[in-house]
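Nothing in this text is a laboratory measurement; each read-out follows from the coordinates by a stated rule. Since the model is a prediction, treat every value here as computed from it, not as a measurement. Heads up, the Cβs are rebuilt from the backbone with ideal geometry, glycines too, and the neighbour counts pull from every protein chain shown.
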Amino acid sequence: MLASTCLSPSFLPTATAATHRLLVVSGNSGSRRPPRRMSGGGGLVLHARLGDGDGAGGELTPSRRHALLAAATAAFALVNAPCLRYMNQAALGRSFTGTFCGDLLVGAMAHSWRLLVQGLTSLMFLCARADEYVRPPPSPLVLMAHDKPASHPQQVHISVVGAKNMRISWVTDDRSAPSVVEYGRSPGKYTASATGDHITYHYFFYKSGAIHHVTIGPLDPGTTYYYRCGKAGDEFRLRTPPATLPIEFVVIGDLGQTGWTASTLSHIGGGDYDMLLLPGDLSYADTRQPLWDSFGRLVQPLASARPWMVTEGNHEMETLPVVELAPFAAYNARWRMPHAESGSRSNLYYSFDAAGGAAHVVMLGSYAAFGEGSEQRRWLEADLARVDRRRTPWLLVLLHAPWYNTNQAHQGEGERMRLAMERMLYDARVDVVFAGHVHAYERFTRIYDNEADSRGPMYITIGDGGNREGLALRFIEDHKSAHLSVFREASFGHGRLRIVNETSAVWTWHRNDDEYATVRDEVWLESLAAGKQSLATTTGRHTDEL
């Protein structure tokens, strides 16, 4: 969704805690059910019309928005260079004048610049998106504090690397802590160890802890291993994915770290699965780097036990107007995916096999170049060409901005990528395309080029993990793709794809509103590699038949 929340409490500093516990800030923690429909209360409501004219009633017309954007750009250009020098001096611990007063001046100027950046960024997004649908009030954040020694691992998560290896990633406040993992099949009995590397990154005045990445293996499939990171702290347990079908994927998008997120994670943990797929928008840190640390601690109980395979969303970009900061710096440092192993030069797009090659999963980058002649396009062509559907009956694709969408939110934002890449996915007989970005659930029939096609992928939007911005509540009833949309609902939840065998799989969407994860949508599908383009049905819930 938006790279930052306009004029919201999200720009204010958040408190930290002295103990390792849940902290709920900025909201009413007593309400966990997300709003199901629009209401007239709460929050800042902005009204604006698209079109020309002076905007009667004080509305923000395009001409006014452009004027405000021009003024903001001029202000940045005027003060950007000297204030960047002040920030660099402060970050390096250098004195501006060689005196104590000079140090105070550097700090004051840098702090003022940070506030200006944040305020003008909010203003620019407000002006650019004043015609956006009105969201429900933001959900309170759920923050996880850390009170253990600096050498103790935190934010532990795992990912698959090839057929028999796993990457263990974690953070330590102690930047000299060893990047080593000890592991074995019995608790406390480690029969093997592996050494990796660690990195750090800066973002304005924030400097990360040591971010460790260690690849362990070879490991046996479908096996439980116990491991310890950095020779300190807690013991963790993971289970490797199976080498054959069946396999079950959990799919969630636009996760965040709110009470809704915590409920979604609780529902996911209440049932077994083999791997989690996340099509972008993880922490919603949006330049506030400590929120990356809080997010890592929040998801650790699940992410340290099953592989989490993710791709980037717009909230991972973390760039600011005029200020030259490398995009995706935190995401690339913290969530290293097996891109090199799949022949990709970028951590923003990659692929991997699952269930011994019975399933091939392609993670595309909605925010990496994808047009004719781009590196991502060349990589995708080569990757799909290597897939042998006789031994890989299931082909899945994940990306952030949906190509098909009847929600009022983010209309048309995936269209350029669809025009550039849809034909390749269609020719490869991709079975399912998952997307996020829109904070609602929507399932389409099999489609190619805006028409129902039994040889095309099924498109599913599942950007309803629980982020702070709330739900995208408005669907367009007369949208040109409405006849292709089979089921849609603005509720938080998660999905599960269980591939049963070479020909059959079942998809279920579990709504988050209820005390238990309620299955609200269910459909059986056949692999397009099987040569039969049909869907089976079940009864008792909403189902589909093509």
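Give the cross-link partners of K207 among the lysines, using a straight C-alpha distance below 30 Å as the criterion and excluding same-chain residues fewer than 8 apart.
By straight Cα distance, K207 reaches K148, K231.
Please find the FRET efficiency linking N450 to V500, where r is the Cβ-Cβ separation and R0 is fixed at 22 Å, and quote it to the nearest 0.05. Present the calculation step by step, with values, prior to reporting the outcome.
Working: r = 31 Å, r/R0 = 1.40.
My answer for the efficiency is 0.10.
With each label point set 7 Å from Cα along the Cα-Cβ vector, what nm distance links M424 and T200?
Reported label-point gap for M424 and T200 is 3.8 nm.
Toward the positive end of the charge dipole of region 349-446, about the Cα centre and with charges on Cβ (Lys, Arg +1; Asp, Glu -1), which of G356, A409, S366 goes farthest?
Value: G356.
Students often forget the sequence filter, so: which aspartates and glutamates lie under 20 Å Cα-Cα from K189 once same-chain residues fewer than 8 apart are removed?
Here the aspartates and glutamates satisfying the reach criterion relative to K189 are D220, D234, E235.
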